[in-house]
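Okay, structure first, notes after.
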Amino acid sequence: QVQLVESGGGLVQAGGSLRLSCTASGSSISINAMGWYRQAPGKQREWVAVITRAGSTNYADSVKGRFTISRDNAKNTVFLQMNSLKPEDTDVYYCNTIPFSVWGKGTLVTVSS
């Protein structure tokens, strides 16, 4: 069973950037598509970005052109580069394999206006 640990969140001003990391242990993620998701308190978790085994990517319309997902299979890690951050990007961010594994604790991103 793969364990996922997200990191890299923090407080940033609007227009700033953050790079999130998701490191897996217990199993290789190289055979999986990987996704980033986010969730605000009291709201449903929403999909943000996905990267396939082959490296193809897709993004939610709300982040397209600002966020970039990438992966380093040798490090068993997936990244989310977030640029031009907006206050509405404030959420807890999670990664997961596709199909889903057990969710990690996420990492909090707070964007101040």
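The values are calculated or read from the model by the stated rules, or taken from the named source; none is laboratory data. Computed from a predicted model, the values in this text were never measured in an experiment. Neighbour counts are summed over all protein chains in view; Cβ atoms, including those assigned to glycine, are modelled from backbone coordinates with ideal geometry. Surface areas here come from the heavy atoms of the whole protein model, side chains and all, with no ligands, DNA or RNA. Shrake-Rupley method; radii C 1.70, N 1.55, O 1.52, S 1.80 Å.
Would you check which residues across segment 26-65 are open to solvent by less than 40 Å² (accessible area, probe 1.4 Å) and closer than 16 Å to G9 by Cβ and list them?
W36, Y37, R38, A40, V48, A49, V63
Do you know which of the residues in segment 4-18 that are of a type in the set (A, V, I, L, M) and surrounded by 15 or more Cβ atoms within 10 Å (Cβ to Cβ) is nearest to V111 (Cα to Cα)? I'd like the intermediate steps shown before the answer.
Quick first cut of segment 4-18, residues of a type in the set (A, V, I, L, M) only: 4-5, 11-12, 14, 18.
Within this subset, residues satisfying the condition of being surrounded by 15 or more Cβ atoms within 10 Å (Cβ to Cβ) are 4-5, 12, 18.
Numbers: L4: 24, V5: 21, V12: 5, L18: 10 Å.
So, considering only residues that are of a type in the set (A, V, I, L, M) and surrounded by 15 or more Cβ atoms within 10 Å (Cβ to Cβ), the one nearest to V111 (Cα to Cα) is V12.
Quickly run through segment 82-97 and pick out the residues that are loosely packed, with under 15 Cβ neighbours inside 10 Å and under 14 Å from the mean Cα position of the chain (by Cα).
Correct list: N83 only.
Open to solvent by less than 40 Å² (accessible area, probe 1.4 Å) and within 17 Å of V2 (Cα to Cα) - does that describe any residue in segment 105-112?
Yes, segment 105-112 contains a residue that is open to solvent by less than 40 Å² (accessible area, probe 1.4 Å) and within 17 Å of V2 (Cα to Cα).
How do the strands (runs of 3 or more DSSP E) wholly within segment 35-113 filter down when requiring 2 or more residues that are touching a residue at least 40 places away in the same chain (Cβ under 8 Å): which remain? Quick ask: steps written out before the conclusion?
Working: elements: 46-51, 57-59, 67-72, 77-82, 91-98, 107-112.
Filter on segment 35-113 gives 46-51, 77-82, 91-98, 107-112.
Can you tell me which residue is most open to solvent (accessible area, probe 1.4 Å) among those in segment 66-81 that are hydrophobic (A, V, I, L, M, F, W, C) and within 14 Å of the chain's Cα centre (by Cα)?
Going residue by residue through segment 66-81, those that are hydrophobic (A, V, I, L, M, F, W, C) are 67, 69, 74, 78-80.
Right, trim to within 14 Å of the chain's Cα centre (by Cα) and you get 67, 69, 78-80.
Values: F67: 5, I69: 7, V78: 1, F79: 30, L80: 0 Å².
Looking at the filtered set, the residue picked out is F79.
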